[in-house]
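The values are calculated or read from the model by the stated rules, or taken from the named source; none is laboratory data. Keep in mind that what you see is a predicted model, and the values were worked out from it rather than measured. Cβ sites come from the backbone with ideal geometry, for glycine too, and all protein chains shown count toward neighbours. The accessibility values were calculated without ligands, DNA or RNA, using every heavy atom of the protein model including side chains. Shrake-Rupley method; radii C 1.70, N 1.55, O 1.52, S 1.80 Å.
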Amino acid sequence: MADDPEFSIQKIAHAITRDVDTTQSYDVATLDEHVYTCISLSRSPFDSGKLAGYTEVEMTHIWNFIEGMRHSHKSIRKLLKGEQSASAVDALTIARLQIENLFTICFLLQSPENVRLFLKNAWKKKYVRFLLHRAEHVHLSRFDEYFNVTGLEMIDKLQGECFVSDQERHTIDFQQLGTPSGQPPQLVRIEGFPGPAAVVKKVINLDQQRMLARLNSEYEFLCSFAHGDAEAVVTRTLADTRSPFHRFLTTSAIEKHYQEHVLEPPILYSALSSILVATEVAAVFPDQVELRARLGLAWEFLTKSSLLTVSAWEIRAKKVLGVLGI
């Protein structure tokens, strides 16, 4: 989205007026504890609270989505353990997922209709895949029972749970398979679920919009590692101890590069995304005193260790929490 004027530097840059102490080192285990505790405390309001317009099932889906970020953070930590490895670069791909999850949560918490759109798209993908496999396996009798009974029953059940109407299902049938008569049904399409850049333009809260617009730049950078472009290739090459490029660099230079470009960023991106998600939960459940108190401690830690977290704090989190002295 670099060419989109809505994401130009003059629109998204946040000038930072206070620096972090670069002479200090920060315990990653403490950061992990903040992540896990903030996510854990985010569960209570979904178990006992109520968001206007949301059903219990919809709130459960949101919580399950949030809880998954804890597991992704653990996956990053596992990839980064041990000796220097090119495989550790994959942690940046998971970090991309964590930032994307933040965009999704902001959109889901804006309206119950967005949760239903999220579920509809999940069902649509599953159904199209079901239709494709059924067409490919039509001459293999061992699949008859699945495509005509058990698999079909699962698709039918999930259709109702994902709020998909019969007209929307018939529209997919027509788009993917056509009709014997060639006459289309009354088409009711399922709108695609928005990606990060589209979410920025759909959120209503202006501070949240500014925060996401700034983080979209980080998301696009991390897409390099999911798409395997030059950034990913170079980073993986320099992280591989067997690479012939190592003879052009000193051991200390390689170790410094690995620390700054492979080990630190994925943990920071994941932690920032997770704590921002918990902050958004606090925004919609302002009575969660314990969660808000813990978030205050987490942000105090984050804003001492990274300039990016200072931006996120000043643009959005500070206004949600109203914490003084950070």
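How many of the residues making up segment 299-316 are in a helix (DSSP H, G or I) and either in contact with an Asp or Glu (Cβ under 9 Å, 6 or more places away or on another chain) or of a type in the set (Lys, Arg) (or both)?
Looking only at that region, the number is 5.
Do we find that Leu158 is farther than 16 Å from Leu102 by Cβ and touching a residue at least 24 places away in the same chain (Cβ under 8 Å) in this structure?
yes
Pick from Ile9, Ile39, Ile66, Ile16: which is touching a residue at least 40 places away in the same chain (Cβ under 8 Å) and farther than 24 Å from Gln110 by Cβ?
Among Ile9, Ile39, Ile66, Ile16, only Ile16 is touching a residue at least 40 places away in the same chain (Cβ under 8 Å) and farther than 24 Å from Gln110 by Cβ.
Tell me which residues, restricted to segment 65-94, are open to solvent by 30 Å² or more (accessible area, probe 1.4 Å) and either in contact with a strand residue (DSSP E or B) (Cβ under 9 Å, 6 or more places away or on another chain) or modelled with pLDDT of 95 or more (or both).
Matches in segment 65-94: Phe65, Glu67, Arg70, His71, Lys74, Ser75, Arg77, Lys78, Leu79, Asp90, Thr93, Ile94.
Only one residue in Thr37, Thr60, Thr23, Thr55 is under 22 Å from the mean Cα position of the chain (by Cα) and at pLDDT below 95, so which one is that?
Result of the check over Thr37, Thr60, Thr23, Thr55: Thr60.
Just checking, does segment 125-148 include any residue being more than 24 Å from Val284 (Cα to Cα), open to solvent by 60 Å² or more (accessible area, probe 1.4 Å) and among the aromatic types (Phe, Trp, Tyr)?
Within segment 125-148, one or more residues are more than 24 Å from Val284 (Cα to Cα), open to solvent by 60 Å² or more (accessible area, probe 1.4 Å) and among the aromatic types (Phe, Trp, Tyr).
Checking Ala13 against (1) open to solvent by less than 50 Å² (accessible area, probe 1.4 Å); (2) among the hydrophobic types (A, V, I, L, M, F, W, C); (3) closer than 25 Å to Tyr219 by Cβ, which test does it fail?
Of (1) open to solvent by less than 50 Å² (accessible area, probe 1.4 Å); (2) among the hydrophobic types (A, V, I, L, M, F, W, C); (3) closer than 25 Å to Tyr219 by Cβ, only one is false for Ala13: (1).
Of all residues in segment 170-194, how many are open to solvent by less than 50 Å² (accessible area, probe 1.4 Å), in a loop (DSSP other than H, G, I, E, B) and in contact (Cβ under 8 Å) with a residue 40 or more places away in the chain?
Qualifying residue count for the region: 3.
For segment 13-101, which fully contained helices (runs of 4 or more DSSP H) count at least 3 residues that are polar (S, T, N, Q) and out of contact with any Cys (no Cβ under 8 Å at 6 or more places or on another chain)?
Result: 28-41, 56-79.
Return yes when Ser305 is among the hydroxyl-bearing types (Ser, Thr, Tyr), open to solvent by 40 Å² or more (accessible area, probe 1.4 Å) and in contact (Cβ under 8 Å) with a residue 12 or more places away in the chain and no when it is not.
yes
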